[in-house]
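Enquirer: Sharing a structure below in C-alpha cells format, with a few things to ask.
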Amino acid sequence: MSDVQDSPQDFSGSGAVEYRPASARSSAALEALLAREEARLLAILGVTSVGIGLGPAGTEALVVGVVDAGVATRLPSDIEGVPVVVNVSGPVDALRRR
Amino acid sequence: MPKQPSTTPPVDPGSEDDQTPIGAPATSSGVEDPNAASASLEALQVEADQNAVFAEAGVSSDLLALRDAVEATLLAASGDLSALADAPSTQGVVGVGIGLPDPDSIAFGVGSPGEPTLTLFTESALPREVLLSYLAQSAGTRALSSVPLQQVPVGGVDAYSHRARHRPAPGGVSVGHVNVTAGTLGSRAIGLTAPWNNRHLILSNNHVLANSNAGRVNDSIIQPGSADGGRHPGDQIAVLARWVPINFGGAANIVDAAFGWAWHERIRGSQYYLSGGSPTYYTTGTAPLAASLGMIVGKSGRTTGLTQGRVTQIGVSVNVNYGGGRVALFRNQIAIQSVNANPFSAGGDSGSLIWQWATGVRPVGLLFAGGGNTTFANPIGNVLAALDIRLLP
C-alpha cells in the first residue's frame with residue numbers, strides 16, 4: 001500500500017486553461033451590428049463599453065458607456081437607424097477591494 | 001491509480017493544520033481534500049516572496065519582527081478569529097499586516113506618507129494606548145513610540161459580517177489569494193471530469209483567486225481575504241487550482257474566472273446575507289440562465305451585501321482596468337444597474353454569483369467589474385464551460 005500522506009497530489013488539469021469558444025454571440029441583427037461597430041466605437045477616446053440595451057422608446061439600442069458626459073459629443077445619435085444611448089459610467093475597474 | 005469516488009478514502013489535511021474543526025474524518029463524503037503539507041510548502045514560498053517585496057519596499061526588519069510577534073500572539077490565542085473577541089489577551093486586535101498608510105484607517109506615530117506601516121486590524125477603533133499596550137505584550141519592550149502604526153477597524157469579526165471569518169464558508173463572503181486584497185466567494189462548485197469531479201471547489205474571479213494571472217497552482221486562498229484580516233495559514237480554505245488567463249491589451253476575453261480546491265468541511269454550498277442584522281442563508285439553482293434585457297437579478301457580495309439589479313445591456317464589449325495600467329477587453333458581457341439608489345456592487349464584490357431574482361434562483365452571471373452606476377458580469381454558462389465545472393449550491 002502506498003503512503004498516501006507522502007505521495008504527491010494529483011494536480012493534473014490544474015493551471016491556466018484557455019477559453020476560446022467558436023462563437024461567443026448569437027446571430028441577431030443587432031449583435032452583428034455591434035460586432036461590426038465595436039472596434040470603431042471603443043477607439044473613441046473616453047468610450048469604455050458598447051452593448052445592446054433599451055432606448056427611451058423601449059426598443060433595442062446600442063448603449064455606449066463613457067467616462068464623462070462630454071464624450072457624448074463625439075458619438076453619433078444613431079448607427080444604421082439603431083439609436084445610440086449614452087451611459088456615463090466613468091472608468092470601469094475590476095472590482096477587487098481597492 | 002485512478003481515483004474512484006466511491007472507494008477512495010478521503011485525504012484529509014495533516015495534523016499541522018490547526019483549524020480543522022471536526023475531529024472525525026469525513027468518511028462518508030469520500031471527497032478528496034488538498035494536501036496540507038504541500039500547500040504549506042507552497043505558502044512558505046509565497047511568504048518568502050512577500051518578504052522580498054517588503055525588503056525592496058524598505059520595510060525595516062524591526063517592523064517585520066513586530067508583525068511576526070503579533071501574528072504569533074494571534075495564532076496562539078486561537079486559530080479561530082471568531083473566538084478572539086472572548087480572549088482578553090488579544091484586546092480586540094483581529095489581524096496584523098504591513099502596508100502603506102490608508103486614508104480610511106486611523107494613523108498613529110511618526111510614519112510619514114508612503115512609509116511602510118504596521119497595520120493592526122481591530123474590531124472597533126481603539127485608543128493608541130491600548131494598541132501600544134497590546135504591542136508591548138506581544139513583542140516585549142521596543143521603541144514602540146517610533147513604530148509607524150495604523151489601525152484598520154474591520155468590524156466585529158464575531159458580529160455577523162460578509163467580511164468575517166466563516167466556517168464553513170458560504171457564497172457571498174470575503175475571500176482571496178494571499179496576495180490579493182479581497183473579493184467575494186461566488187459559489188461552491190465541483191468538476192465535471194476526473195480528478196476534479198471528486199473535489200469541492202470555490203468559484204470566483206481570476207483577479208480574486210489567481211491574482212490576475214500572477215498566481216501559481218497550489219497557492220493559498222484565504223477566507224476572509226487579507227484586506228479583512230485573513231492570514232495564511234490560519235485562514236486558509238483552499239488552494240489555487242485552475243483559472244482562465246486574462247489577456248491584457250490583446251485578444252478579447254470572455255470570462256474572468258478561477259477556482260480553488262477547497263477542504264470540503266471549510267466551505268458550504270449556500271449563500272450568505274444579512275437580514276435585519278441576522279445571518280441568513282439561501283440556496284441558488286444550478287441550471288445557468290442566459291441574461292435578457294430587463295431581467296431582475298440579485299447577488300450577495302463581500303462589500304455591498306445583498307442587492308437587487310436589472311439587466312440593462314447584453315452582448316457588451318467593455319474595456320476593464322486591472323490596475324498598473326493593464327486593460328483587458330471583454331466581449332459578450334452582461335451590464336446591470338441597481339433598481340434603487342444604492343449601488344448594485346462596489347470594490348470587493350468581484351466574484352459574486354449573480355442570479356435571477358425569481359423562484360428557482362437560477363445562476364446568471366459572475367460579477368467582475370464596475371464603473372459608476374454600472375456593474376459588469378460574465379455569463380455564467382461561459383464561466384462553467386471554461387472551467388469545466390458545475391455549481392454545487
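Only the coordinates and a few stated rules stand behind these numbers; no lab work does. Please read all numbers here as calculations on a predicted model, not as lab measurements. Methodologically, a virtual Cβ is constructed for each residue, glycine included, from the backbone with ideal geometry; neighbour enumeration extends over all protein chains shown.
Enquirer: Tell me, B:Asp235, B:Asp388 in order of fewest to most beta-carbon neighbours within 10 Å?
Expert: In increasing order of surrounding Cβ atoms, one gets B:Asp388, B:Asp235.
Enquirer: Another one. When Cβ neighbours within 10 Å are restricted to other protein chains, what is their mean count per residue of peptide B:59-65?
Expert: Counting Cβ atoms of other protein chains within 10 Å of each residue's Cβ and averaging gives 0.
Enquirer: If you fit an axis through the alpha-carbon atoms of helix A:29-42 and take the longest principal axis of the Cα set of chain A, what angle between them do you get, 0 to 90°, nearest 10?
Expert: 90 degrees
Enquirer: Would you tell me the mean number of C-beta atoms belonging to other protein chains that fall within 10 Å of each C-beta in B:230-242, as a whole number?
Expert: 1
Enquirer: Would you mind ranking B:His264, B:His166 by Cβ crowding within 10 Å, fewest neighbours first? Before the final figure, lay out each step's value.
Expert: Values: B:His264 21, B:His166 24.
Ranking B:His264, B:His166 by Cβ neighbours within 10 Å, fewest first, gives B:His264, B:His166.
Enquirer: Can I ask one more? Taking R0 as 60 Å, what FRET efficiency do you get between A:Arg36 and B:Ala72 from their Cβ-Cβ distance, rounded to the nearest 0.05?
Expert: That gives a FRET efficiency of 0.45.
Enquirer: Turning to a different aspect of this structure: So what's the Cα pair-distance distribution over the range B:337-393, bin width 10 Å, in %?
Expert: 22, 51, 25, 3
Enquirer: Spin-label point model (7 Å from Cα, Cβ direction): what's the B:Ala290 to B:Asp388 distance in nm?
Expert: It is 2.6 nm.
Enquirer: So which trypsin sites (Lys or Arg not before Pro) in the range A:24-80 are both in a DSSP loop and have at most 16 other Cβ atoms within 10 Å of their Cβ?
Expert: Listed in order of number, the matching sites are A:Arg25.
Enquirer: Find the centroid of the Cα atoms in the range B:304-330 and in the range B:365-393, then give the distance between the two in whole Å.
Expert: First find each Cα centre; the distance between them is then 10 Å.
Enquirer: How do B:125-132, B:225-232 rank on mean C-beta neighbours within 10 Å, highest first?
Expert: In descending order of packing, they fall as B:225-232, B:125-132.
Enquirer: While we're on this one: Relative to the present Cα-Cα distance, how much length would full extension add between A:Thr73 and A:Leu54 at 0.36 nm per residue of separation?
Expert: Numbers: separation 19, 0.36 × 19 = 6.84 nm, distance 2.03 nm.
Contour length minus Cα-Cα distance gives 4.8 nm.
Enquirer: Provide a whole-number value for the mean count of partner chain Cβ atoms within 10 Å of the Cβ atoms in peptide A:82-94.
Expert: Counting Cβ atoms of other protein chains within 10 Å of each residue's Cβ and averaging gives 6.
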